[in-house]
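Colleague: If you scroll down you'll find the structure; I have some questions about it.
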Amino acid sequence: MPTPWEIIGEEGFTRLTRAFYARVPRDDILGPMYPPDDLDGAELRLRLFLIFRFGGPDTYVQRRGHPRLRLRHAPFPLDARAAERWLALMDAALEEAGLPQSVAAELRAYFRETAHFLINTGQAPPEPLVTLVFVDADANTPIGSATVRRAAIEGGFAPGTRFGLSGVNYVLARAEPAPGGDNDRVMMYVAREHAEHEKDRP
Ligand code: HEM
């Protein structure tokens, strides 16, 4: 099977990388990452790399050494959004360059895999947090607050649960969502525990 290099040659790779880099500077995510005064250099590096990778001469390696793409991309905050944008620009460039279907499909598959492999940040979604606002149930005054992972409070709050706050023991009277539909805050109405005990005393 002929390699992409044999089919599209230097001319095809030039058309592709030119169409790609024509889109980079005006892209809101990718534009700021690339060197504004060396876009021609960046275009050449990508072109030589692709030529080397897809069956052509190894000029890229002679000039730049081993590709080490993950290492070379480490300075850029490359999250899933940046990768998808890179792929979208490259899809448009493939379209514009009008390469033969078989070559376009091979390159597209390689780009997709490599772009995802290069992701170096933002893989784990941020942990959702909840702020618990403790309120004295009798005096209706805030006593303190704590921010915890939402997962830590799954299962809800049982009235009667005991809390130590600033060295004082409290017991939960009731828990309610914060007013105003703020899902990230929960009002925890608590009573001083000794008051409960005293009440219970005969
Ligand atoms: C996933 C999103 C990507 C982003 C945001 C990104 C970003 C960048 C940036 C900012 C540069 C520096 C430009 C320069 O001065 O050369 C660069 C270089 C480069 N990128 Fe990417 N890139 C991505 C994906 C890819 C993919 C999929 C490939 C594989 C074809 C690739 C291959 C290269 C190469 C060969 C260089 C030049 C490395 C060198 O010799 O210094 N990149 N990239």
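Read the figures in this text as sums done on the coordinates, not as results from a lab. Computed from a prediction, not measured in an experiment: that's the story for all the values here. Heads up, the Cβs are rebuilt from the backbone with ideal geometry, glycines too, and the neighbour counts pull from every protein chain shown.
Colleague: Please list, in order, the residues from segment 1-42 whose amide nitrogen is less than 12 Å from a point placed 7 Å along the Cα→Cβ vector of Ser102.
Modeller: 1-8
Colleague: Using only Cα atoms and rounding to the nearest 10 degrees, what angle (0 to 90) does helix 101-117 make with the longest principal axis of the chain?
Modeller: Rounded to the nearest ten degrees, it is 40.
Colleague: Continuing with the same structure: Among Thr141, Ile7, Asn169, whose Cα sits farthest toward the positive end of the charge dipole of the chain (+1 at Cβ of Lys/Arg, -1 at Cβ of Asp/Glu, about the Cα centre)?
Modeller: My answer, from the dipole projection, is Ile7.
Colleague: For the peptides 10-19, 23-32, what is the packing order when you average, over each peptide's residues, the other Cβ atoms within 10 Å and list the highest mean first? Let's see the in-between values first.
Modeller: Details: 10-19: 18.1, 23-32: 13.5.
Peptide ranking by packing, descending: 10-19, 23-32.
Colleague: Express as a percent, rounded to the nearest 5, the fraction of DSSP beta bridges in the chain (both residues included) that run antiparallel. It would help to have the intermediate numbers written out before the result.
Modeller: Numbers: 19 of 25 bridges.
Around 75 percent antiparallel, to the nearest 5.
Colleague: Residue by residue through segment 33-41, which ³J(HN,Hα) values in whole Hz follow from phi under the Karplus form 6.51 cos²θ - 1.76 cosθ + 1.60 (θ = phi - 60°), with glycine and proline marked x?
Modeller: 7, 8, x, x, 9, 9, 5, 5, x
Colleague: If one takes the longest principal axis of the Cα atoms in the chain, at what angle in degrees, from 0 to 90 and to the nearest 10, does the Cα axis of helix 4-23 lie?
Modeller: 50 degrees
Colleague: Oh, and also: Among 48-55, 102-109, 75-82, 160-167, what's the highest-first ranking by average C-beta atoms within 10 angstrom per residue? Working shown, then result.
Modeller: Numbers: 48-55: 19.0, 102-109: 16.0, 75-82: 14.5, 160-167: 10.8.
Per-residue Cβ counts within 10 Å, averaged per peptide and sorted highest first, yield 48-55, 102-109, 75-82, 160-167.
Colleague: At 222 nm, what helix-only mean residue ellipticity would the chain give, in deg cm²/dmol to the nearest 500, using -39500 (n - 2.57) for each DSSP H run of four or more?
Modeller: Numbers: 7 runs with 89 residues, N = 202.
Here the helix-only value at 222 nm equals -14000 deg cm²/dmol.
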